[in-house]
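Report on the following structure.
The values are calculated or read from the model by the stated rules, or taken from the named source; none is laboratory data. Quick caveat: nothing in here was measured; it's all calculated off a predicted structure. No Cβ is skipped: glycine too gets one built from the backbone with ideal geometry, and neighbour counts run over all protein chains shown. The protein model used for the area step is the full one, side chains on, heavy atoms only, and it has no ligands, DNA or RNA in it. Shrake-Rupley method; radii C 1.70, N 1.55, O 1.52, S 1.80 Å.
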Amino acid sequence: MNTLWRRVALALLALAGLFVGVWAAAAPRSFYDSFPSLGYHWIDLLPPFNEHLVFDVGTLQLGLAAGSLAAIVSRRALLGRLSGLTWFVFALPHFAFHLARLGPTMSDSIGQAVSTGLPVVLGLLLILPARVRVEADTPLEIKEIAR
């Protein structure tokens, strides 16, 4: 079963995926020109603009968000772990890429490191087996399902 902290982690990842995914898929040029907003510009520092690539990144994020939402709704630990794995596999190289190319200001650099590093940490934590209390007299089949 996905515990409360696992559902919160999945929700944070889903919200991030929805924010990036909807924006990038619905308005690729706006995403390229303005992400992450609030006066910061991270994507347009790496020209040229490629509508197809930005759109694909958006739909990738939507797919990751959908997996997280499915894990929250199902409350199954296995789906939470699989969602964590998909986020981790995506986020680790993404994080490494951005660490090698931090923004022009300290606030950009901190923002990029935190926003790209958080999915790595949350994904890794979600991969870990859920702690389940199983009584000593629980049948073996039930113990396996609880894992």
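In summary, helices (runs of 4 or more DSSP H) completely within region 1-105 and bearing 1 or more residues that are touching a Phe, Trp or Tyr at 6+ places or on another chain (Cβ under 7 Å) occur at 4-26, 28-34, 51-74.
Being under 11 Å from the mean Cα position of the chain (by Cα) and of a type outside the set (A, V, I, L, M, F, W, C) holds for only one residue in SER37, SER68, and it is SER68. Sub-6 Å Cβ pairs linking a first residue in region 42-63 that is over 18 Å from LEU18 (Cα atoms) to a second residue that is assigned to a helix (DSSP H, G or I), at least 6 apart or interchain, are ASP44/TYR32; ASP44/ASP33; PHE49/TYR32; GLU51/PRO28, ordered by first then second residue. Of the residues making up region 27-66, those that are over 17 Å from HIS98 (Cβ atoms) and open to solvent by 80 Å² or more (accessible area, probe 1.4 Å) are ARG29, LEU38, PRO48, GLU51, HIS52, PHE55. Figure legend. Inter-residue proximity from region 7-19: first residues modelled with pLDDT of 95 or more and open to solvent by less than 80 Å² (accessible area, probe 1.4 Å), second residues assigned to a helix (DSSP H, G or I) and of a type in the set (Ser, Thr, Tyr), beta-carbon distance below 8 Å, spacing 6+ or different chains. Indicated pairs: LEU10/SER68; LEU10/SER83; ALA11/SER68; LEU13/SER68; LEU13/SER83; ALA14/SER68; ALA16/SER115; GLY17/SER68. What's the total number of residues in region 71-93 that are in contact (Cβ under 8 Å) with a residue 12 or more places away in the chain, open to solvent by 80 Å² or more (accessible area, probe 1.4 Å) and more than 14 Å from the chain's Cα centre (by Cα)? Result for region 71-93: 2. Entry remark, region 95-108: residues being at pLDDT 95 or above and surrounded by 15 or more Cβ atoms within 10 Å (Cβ to Cβ) number 1 in total.
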